[in-house]
Every structure is written in structure tokens, then in C-alpha cells.
Amino acid sequence: MSQRAGVSQGDGGHDGRVLGVDLGRRRVGLAISDSDRRLAIALRVLWRAASHDEDHAELARVVAETGASLVVVGLPLSLSGRAGPAARDVQDEVADLRRALPVPVELCDERYSTVLADRSLATVGRKARARREVVDQVAAAAILQTWLDRQKSALDREISPAVT
């Protein structure tokens, strides 16, 4: 498995649902995949607790509740692909999450996920206040869908014969 700026390029195995996580300062957006790992579905938003330990315990409950076998966390890289302060904060928290959760945790580049989620909600007529209530879970679904699509694409390349 190769690593670039802390972003996993591995497949995380092929079995079970995947929990997508968008770690924010005030809220944590969650999404879940179907069991075939083809579609990401917005799940809910968790408000940050007093400590990361409490947040991680709640995420462990969600992992158990959903039967997730892998967690994918969005990594907010800069537009240039570099890890700035926000990305380093996420990487630090993910190191703790890897110890707190009973399943593997991977990172996925999340550039534009919140902006795209907010725009898509605006396009369907959601008012700004209503968008704020769900944008984090929609962003988590965008992050997870990106990861799922990359995994499918990598798998397709592995099993498809080269066409010349």
C-alpha cells in the first residue's frame, strides 16, 4: 500500500460496509456504503463532545451499529495537494482513531467535498440554514463515494486485460 501525504492508496479489503467520516471542528459528518461498496449514503451528523475520546467512543458505537469493517476519513489537503494545519490535525486525530476503533482507518483526499456538498444542496433548493444542518453528512458521503470509486477503478484495472 503506497502513501502520499498520508493518504492511503490501499483497498482496505473488499468485505463489508465502509463508514465515511468528515472530521470538523464542531461536527462530524458520517456516511455509510452499501454492503457491495458501490454507493455512499449520507448517514448523520455527530456534534463534537468535550473530548476526542468521547467522539471516538461514539464513532466506535457507530462502527458497531452499522457493521462497518473499515473507516475512511477525509483528509483536507490544500489545493496544491500539500498537508497544511487542518490536514495535520486530521492526521493526528486519525492516529488516535486507529487505536480507538476495532477496524482499519484510512485517509482519503477530501479537497472540495464540503464545497461540492453545499453547492449540490443549494442546487436542490435547500436554504443556507438547512444546508448547514446536513452539509457535513453530505460531504462525508462525497468523501466516501470518491474512495469507493477509486477502489472500484483500481480493482477494474487489476482484473481487466490490457487492450492494445
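The values are calculated or read from the model by the stated rules, or taken from the named source; none is laboratory data. Computed from a predicted structure; not experimentally measured. In this analysis, Cβ positions are derived from the backbone assuming ideal geometry, glycine residues included, and neighbour counts consider all displayed protein chains.
Condition check ((1) part of a loop (DSSP other than H, G, I, E, B); (2) modelled with pLDDT of 95 or more; (3) under 11 Å from the mean Cα position of the chain (by Cα)) across all residues:
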{"residue": "MET1", "(1), (2), (3)": "yes, no, no"}
{"residue": "GLY10", "(1), (2), (3)": "yes, no, no"}
{"residue": "GLY13", "(1), (2), (3)": "yes, no, no"}
{"residue": "GLY20", "(1), (2), (3)": "no, yes, yes"}
{"residue": "ARG25", "(1), (2), (3)": "yes, no, no"}
{"residue": "VAL28", "(1), (2), (3)": "no, yes, yes"}
{"residue": "ALA31", "(1), (2), (3)": "no, yes, yes"}
{"residue": "ARG37", "(1), (2), (3)": "yes, yes, no"}
{"residue": "ILE41", "(1), (2), (3)": "no, yes, no"}
Practice problem: Search segment 103-114 for residues that are small (Gly, Ala, Ser) and pair each with any residue that is buried (at least 20 other Cβ atoms within 10 Å of the Cβ) and at pLDDT below 90 when their beta-carbon atoms are under 8 Å apart and the residues are at least 6 apart or on different chains. | Solution: SER113/ALA139
Practice problem: Kindly indicate which of GLY84, GLY67, GLY29 is surrounded by 14 or more Cβ atoms within 10 Å (Cβ to Cβ) and either out of contact with any His (no Cβ under 8 Å at 6 or more places or on another chain) or over 21 Å from ALA154 (Cα atoms) (or both). | Solution: GLY29
Exercise. Among the numbered conditions (1) over 16 Å from VAL138 (Cα atoms); (2) surrounded by 16 or more Cβ atoms within 10 Å (Cβ to Cβ); (3) within 14 Å of the chain's Cα centre (by Cα); (4) not aromatic (Phe, Trp, Tyr), tell me where PRO104 comes up short.
Key: (2)
Practice problem: Find the helices (runs of 4 or more DSSP H) located wholly in segment 44-157 whose residues include 2 or more that are at pLDDT below 85, and list them. | Solution: 113-123
